[in-house]
Structures are given as C-alpha cells and as structure tokens.
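Novice: Take a look at the following structure, please.
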Amino acid sequence: MKIKSEKAYEDLRNERPQFWNNLSYNNKFDMNTLKLEFEDILDAEKRLKRFAPFFQRVFEDTKKTKGIIESKVFKIEKASREIEKYEKIKIPGKIYLKGDHSLPISGSIKARGGIYEVLCLAEKIALESGMLRLEDDYGKLAEDKFKDLFNKYSVAVGSTGNLGLSIGIMSAVLGFKVTVHMSCDAKEWKKEMLRSKGVIVREYESDFSYAIAQGRKEAQRDPNCHFVDDENSKELFLGYSVSALRLKKQFEDMDILVDQEHPLFVYLPCGVGGGPGGVTFGLKWVFGENVHPIFVEPVQSASMLLGMVTGMYNNISVQDIGLSNRTIADGLAVGRSSEFVGRFVEPIVAGFATFEDNELYDLLKILYDTENIALEPSALSGFKGIKMLLSTQEGKKLLSDINLENKMDKATHLVWATGGRMVPKDVMMADYNKASYKL
Ligand SMILES: *Cc1c(COP(=O)(O)O)cnc(C)c1O
C-alpha cells in the first residue's frame with residue numbers, strides 16, 4: 001500500500017471531515033484516452049429516446065417530458081443565503097440544485113443508470129426474438145406478448161435501497177421476474193413498495209458488498225438471469241452519463257455560462273461510484289476543462305476516497321481501517337468502491353470531501369423551510385462539498401492549482417440532489433425533526 005497523502009489517510013482513520021485535493025486530477029485530461037467514448041454516451045441517449053413512447057404509455061409522470069426521464073435545475077437563492085449563515089462562510093458565485101430527487105418513476109439518480117440497464121436488457125431480448133425492430137414504436141413493448149417474453153427471464157440486483165427501487169420497478173413493469181438483495185441500510189418503506197409491485201426482496205444483516213455478492217451468486221445459478229452489477233456495470237455508468245448532454249441544454253436555456261471565466265463546480269454524493277462517476281464522465285466531455293467534479297462521502301463510508309488515497313481502489317474497505325460503514329445517508333453506505341469506476345475517473349475528479357451525518361438533518365431542514373424541497377439525507381451531502389472546498393487548506397490549494405482563486409465570483413456551484421421524492425412524508429418529517437439548527 002503506497003499512501004499518497006499521510007494527512008488524508010489519518011483524517012480518514014480518525015473520522016475527521018476533510019477535503020482532499022486529488023493529486024491525479026488533470027483538468028485538461030484527454031478524454032479520448034479512456035476506454036469508453038463520447039459515442040457511447042450518444043448511443044445511450046438514443047436508446048433512451050427509443051423507449052420514450054413506452055415510458056409515456058406506462059408511467060403517467062413521464063408524460064410532461066414526453067417520455068424523457070429528466071429533472072430540472074433549481075435556483076435556490078433563499079436556501080443559499082441560509083446555508084451561508086449555517087456554515088458561517090461567504091459563498092462566491094451562484095448555487096443551483098440539480099433536481100434528481102424529483103426524477104420520474106423512482107425519484108432518485110438511479111432512475112438514470114438503473115432504469116437504463118434494464119432497458120438495454122429488454123431491448124436485446126426483444127430484438128433477438130424478432131418481435132421488435134429498432135425503427136419500431138417502442139410503445140408496443142407495453143403489450144402482453146412482450147410481458148410473456150420477458151417473463152422467461154429474470155433480473156437480480158444488490159442494493160442499499162434506491163438502485164433496487166429503480167431496477168425493481170422497471171423490471172416488474174416490463175414483465176421480468178425480479179429479485180432485489182437489500183443491505184441492512186435499506187429503508188423499510190422501500191422494501192414494502194417493491195413487494196407491493198411483485199418484486200422478491202431478500203434482506204441481509206450485512207452491508208452492500210455482501211448483498212451484492214449474494215445476488216451475484218444466486219444469479220450465476222440461472223442462465224436466464226441478468227445480474228445488475230453495481231460494482232462493475234458499464235451500462236449503469238453510461239445511463240448516468242447522459243445527464244450531461246441534457247444539462248448543457250438546460251444551462252443554455254437558463255443563460256448559465258460555463259467557460260474559462262465561469263467555472264462550474266459539481267458536487268456529487270458518492271456511494272459505490274457509478275452515479276457520480278458516470279455523471280462526471282459525461283460532464284467532462286461536455287464542459288471540458290471548465291468543469292470540476294467533487295465527490296462527497298460520509299466519514300464512515302468514504303470508500304472511494306480511501307481507495308484513491310491508498311492507491312488500493314476496490315481492494316480496500318472502510319472496515320479495513322476501522323470505520324463502521326454506518327451512516328444515515330443510506331444511499332452512500334458503501335464500504336468498498338466500484339472495481340471499474342475508481343481507476344477510470346481518477347484523473348477527472350477534482351477533489352473529495354467527507355462530512356459528518358448530523359449535518360445532513362440541518363441541511364434537510366434548511367432546504368425544506370426555505371425552498372419547500374424535500375430531499376433524503378444522502379442527497380444533501382453535496383452542500384458539504386461547497387463548504388469543504390471553500391474553507392479548508394486543501395480546498396484552497398485546489399483552487400490555486402487550477403488558477404481559479406480570482407474567478408470564484410463568477411463560479412456556478414451545482415449541487416446534485418440525488419433522491420427524495422419517493423420518501424413517505426412521515427419518514428421525511430422524522431428526519432426533519434432531528435435537525436438541531438434553528439433558522
Ligand atoms: C446511489 C445513490 C448515490 C450514489 O451513487 P453510487 O452509484 O452508489 O455512487 C447518491 N445518492 C443517492 C440518493 C443514491 O441513492
């Protein structure tokens with residue numbers, strides 16, 4: 001083990017929130033050297049478009065957007081001012097919220113990657129059967145004969161909750177048999193919702209890595225079972241990446257500039273890494289050297305940061321250094337990062353921030369009271385990224401390394417709100433009531 005930064009490693013072990021200026025970050029990195037290409041993102045976007053008529057037919061909440069699963073960018077001026085008070089800092093530039101908490105179908109960022117992977121599988125099977133052609137209206141996939149076709153196959157996935165929700169809902173609607181292997185973090189309401197849709201839910205006392213291993217093992221016994229592998233999947237990754245193409249258009253419509261004089265910082269809650277990694281991959285293609293992605297993790301589950309700092313990637317877990325992997329940010333409760341994502345995104349992630357759980361409740365309350373936006377705890381962690389970037393030595397070092405210290409007044413901070421819409425009101429209010437901050 002070759003530790004890249006002793007201080008970062010000590011902060012990890014001692015559960016101290018930190019910002020880490022990623023030594024491997026190269027904001028002018030040549031994206032053409034990566035194994036996935038821009039064409040792959042475009043291909044994913046096209047596939048999602050082919051399915052748009054299907055979505056409109058079966059999911060009421062996709063009608064407004066004509067079958068495109070996309071979220072809005074929110075201006076959050078009131079919340080921004082309150083967060084400055086809460087954090088006791090002045091935040092130069094403007095803060096926006098990417099509203100994936102409100103995504104149709106499953107109400108989290110997993111409605112991008114998770115759903116996309118199920119579509120890849122369904123399309124492949126349907127094309128091979130001869131019942132579907134690429135140029136057909138995919139609305140016909142809602143017909144019973146396709147349900148009968150897909151019912152000969154099954155889908156399995158391991159999850160801390162939201163991925164299971166997305167894969168479960170999507171697979172069940174198409175007609176697949178589906179089993180979700182849930183880690184101990186998974187919320188009860190998510191399991192109940194899945195069972196009500198005919199999904200088989202297996203529960204484990206252990207964490208996400210174990211749930212995945214169980215799912216993988218069971219799936220291997222059945223040749224007609226597709227395992228959605230959150231630790232390795234390229235399809236999940238590409239599904240997330242399409243968001244960048246859409247964001248470019250949204251920023252243009254809102255007159256939000258991203259260029260040499262107007263840097264963009266994007267704060268992404270990180271679990272296993274696929275979501276933030278895929279989004280980062282897309283963003284770097286779209287905004288190039290002017291976008292700076294920052295991954296944010298709970299101190300107890302900082303598996304991506306641990307993998308980077310030690311150069312061990314997925315070969316080390318937070319439990320190996322004495323952390324618990326217990327966090328209220330259930331979507332981020334991942335003790336070991338993705339095998340494929342860590343190395344892949346290392347040169348294109350500007351920095352990493354960690355935070356303590358209790359702060360999420362305060363932020364949840366601030367967002368709700370000022371903007372009437374209800375987020376789940378994981379989805380608030382991006383805000384801690386801003387604070388850590390602006391107020392730590394390491395954060396300031398990053399800004400000086402990329403020559404942006406004097407341009408921050410024109411910066412855009414985009415906090416990726418990764419989940420929330422599906423959370424039952426009483427569960428949300430219980431979290432709200434745990435806040436200690438008074439507005
Ligand atoms: C899954 C999830 C993330 C992180 O995505 P990973 O692919 O696990 O890194 C962030 N926020 C929420 C709410 C999630 O469900």
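The values are calculated or read from the model by the stated rules, or taken from the named source; none is laboratory data. Only a predicted model underlies this, so the values are computations on that prediction, with no experimental measurement involved. Note: ideal-geometry Cβ built from the backbone for every residue, glycine included; neighbour counts use all protein chains shown. Keep in mind that these areas ignore ligands, DNA and RNA; they rest on the heavy atoms of the full protein, side chains included. Shrake-Rupley method; radii C 1.70, N 1.55, O 1.52, S 1.80 Å.
Novice: At pLDDT below 95, away from the ligand (no atom under 14 Å from the Cβ), part of a loop (DSSP other than H, G, I, E, B) and open to solvent by 10 Å² or more (accessible area, probe 1.4 Å) - does that describe any residue in the stretch 185-192?
Specialist: no
Novice: When the stretch 370-386 is examined, which residues are found to be in a helix (DSSP H, G or I), more than 15 Å from Tyr267 (Cα to Cα) and among the β-branched types (Val, Ile, Thr)? Steps first, answer last, please.
Specialist: In the first step, residues of the stretch 370-386 are kept if they are in a helix (DSSP H, G or I); the result is 370-371, 377-380, 382-386.
Those still in the list that are more than 15 Å from Tyr267 (Cα to Cα) too: 370-371.
Within the stretch 370-386, just Thr370 meets the criteria.
Novice: Any idea how many residues of the stretch 122-173 are touching a Pro at 6+ places or on another chain (Cβ under 6 Å) and surrounded by 14 or more Cβ atoms within 10 Å (Cβ to Cβ)? Can you show your working first?
Specialist: Our first condition is that a residue be touching a Pro at 6+ places or on another chain (Cβ under 6 Å); within the stretch 122-173, this holds for 137-139.
Filter once more, so that each one left must be surrounded by 14 or more Cβ atoms within 10 Å (Cβ to Cβ): 138-139.
Total meeting the criteria: 2.
Novice: Exactly one condition in (1) buried (at least 18 other Cβ atoms within 10 Å of the Cβ); (2) outside the structural domain of Leu323 (by TED's automatic domain parsing) is not met by Met1; state its number.
Specialist: Every condition holds for Met1 apart from (1).
Novice: Restrict the check to the stretch 84-107 and report whether at least one residue is within 16 Å of the ligand (Cβ to nearest atom), charged (D, E, K, R), open to solvent by 20 Å² or more (accessible area, probe 1.4 Å) and at negative phi. Spell out how you get there, then give the answer.
Specialist: Step one: filter the stretch 84-107 for residues within 16 Å of the ligand (Cβ to nearest atom), giving 97-107.
Narrowing the set further to residues that are charged (D, E, K, R) leaves 98, 100.
Of the ones still in play, those that are also open to solvent by 20 Å² or more (accessible area, probe 1.4 Å) are none.
Looking for residues that are within 16 Å of the ligand (Cβ to nearest atom), charged (D, E, K, R), open to solvent by 20 Å² or more (accessible area, probe 1.4 Å) and at negative phi, one finds none in the stretch 84-107, hence no.
Novice: What's the number of the condition Lys7 fails, among (1) without any contact (Cβ under 8 Å) to a residue 12 or more places away in the chain; (2) of a type outside the set (S, T, N, Q); (3) open to solvent by less than 30 Å² (accessible area, probe 1.4 Å)?
Specialist: (3)
Novice: Has the stretch 33-51 got any residue that is more than 29 Å from Ser166 (Cβ to Cβ) and open to solvent by 60 Å² or more (accessible area, probe 1.4 Å)? Spell out the reasoning first.
Specialist: Taking the stretch 33-51 as the starting set, the residues that turn out to be more than 29 Å from Ser166 (Cβ to Cβ) are 33.
Next, only the ones that are open to solvent by 60 Å² or more (accessible area, probe 1.4 Å) stay: 33.
So far as the stretch 33-51 goes, yes, one or more of its residues are more than 29 Å from Ser166 (Cβ to Cβ) and open to solvent by 60 Å² or more (accessible area, probe 1.4 Å).
Novice: Is there a residue in the stretch 387-409 that is within 16 Å of the ligand (Cβ to nearest atom) and closer than 22 Å to Tyr86 by Cβ?
Specialist: Taking the stretch 387-409 first, the residues within 16 Å of the ligand (Cβ to nearest atom) are none.
Within the stretch 387-409 (the criterion being within 16 Å of the ligand (Cβ to nearest atom) and closer than 22 Å to Tyr86 by Cβ), the answer is no, since none of the residues qualifies.
Novice: Separate question: Take Gly113 and decide whether it is closer than 30 Å to Leu367 by Cβ, within 16 Å of the ligand (Cβ to nearest atom) and without any contact (Cβ under 8 Å) to a residue 40 or more places away in the chain. Break it down into steps so the answer makes sense when it comes.
Specialist: On the way: closer than 30 Å to Leu367 by Cβ: yes; within 16 Å of the ligand (Cβ to nearest atom): yes; without any contact (Cβ under 8 Å) to a residue 40 or more places away in the chain: no.
Spelling it out, it is not the case that Gly113 is closer than 30 Å to Leu367 by Cβ, within 16 Å of the ligand (Cβ to nearest atom) and without any contact (Cβ under 8 Å) to a residue 40 or more places away in the chain.
Novice: If the Cβ limit is 6 Å and pairs must be 6+ apart or interchain, which residue in the stretch 72-89 that is in the same structural domain as Met388 (by TED's automatic domain parsing) pairs with which residue that is surrounded by 15 or more Cβ atoms within 10 Å (Cβ to Cβ) and small (Gly, Ala, Ser)?
Specialist: Matching pairs, first to second residue: Lys72/Gly99; Phe74/Gly99.
Novice: Is the stretch 305-322 home to any residue that is within 14 Å of the ligand (Cβ to nearest atom) and in a loop (DSSP other than H, G, I, E, B)?
Specialist: no
Novice: While we're looking at this one, here's another question. Can you give me the number of residues within the stretch 417-439 that are in a loop (DSSP other than H, G, I, E, B), of a type in the set (A, V, I, L, M) and within 22 Å of the chain's Cα centre (by Cα)? Give the derivation first.
Specialist: Let us first name the residues in the stretch 417-439 that are in a loop (DSSP other than H, G, I, E, B), namely 418, 420-424, 433-439.
Of the ones still in play, those that are also of a type in the set (A, V, I, L, M) are 422-423, 435, 439.
Those still in the list that are within 22 Å of the chain's Cα centre (by Cα) too: 422-423.
So the count comes out to 2.
Novice: Given the conditions (1) within 14 Å of the ligand (Cβ to nearest atom); (2) at positive phi; (3) out of contact with any Gly (no Cβ under 7 Å at 6 or more places or on another chain), and given that Pro276 satisfies all but one, which numbered condition is not satisfied?
Specialist: (2)
Yes/no per residue for (1) of a type outside the set (A, V, I, L, M, F, W, C); (2) open to solvent by 10 Å² or more (accessible area, probe 1.4 Å):
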site	(1), (2)
Gly282	yes, no
Pro293	yes, no
Pro298	yes, no
Ala302	no, no
Leu306	no, no
Met312	no, yes
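Novice: Tally time: how many residues in the stretch 323-340 are more than 8 Å from the ligand (Cβ to nearest atom) and either among the aliphatic types (A, V, I, L, M) or free of Cβ contacts under 8 Å to residues at least 24 places away in the same chain (or both)?
Specialist: 3
Novice: Among the residues of the stretch 363-372, which ones are open to solvent by less than 10 Å² (accessible area, probe 1.4 Å) and more than 13 Å from the ligand (Cβ to nearest atom)? Working first, answer last.
Specialist: Keep residues of the stretch 363-372 that are open to solvent by less than 10 Å² (accessible area, probe 1.4 Å), which gives 363-364, 366-367.
Hits for the stretch 363-372 are Leu363, Ile366, Leu367.
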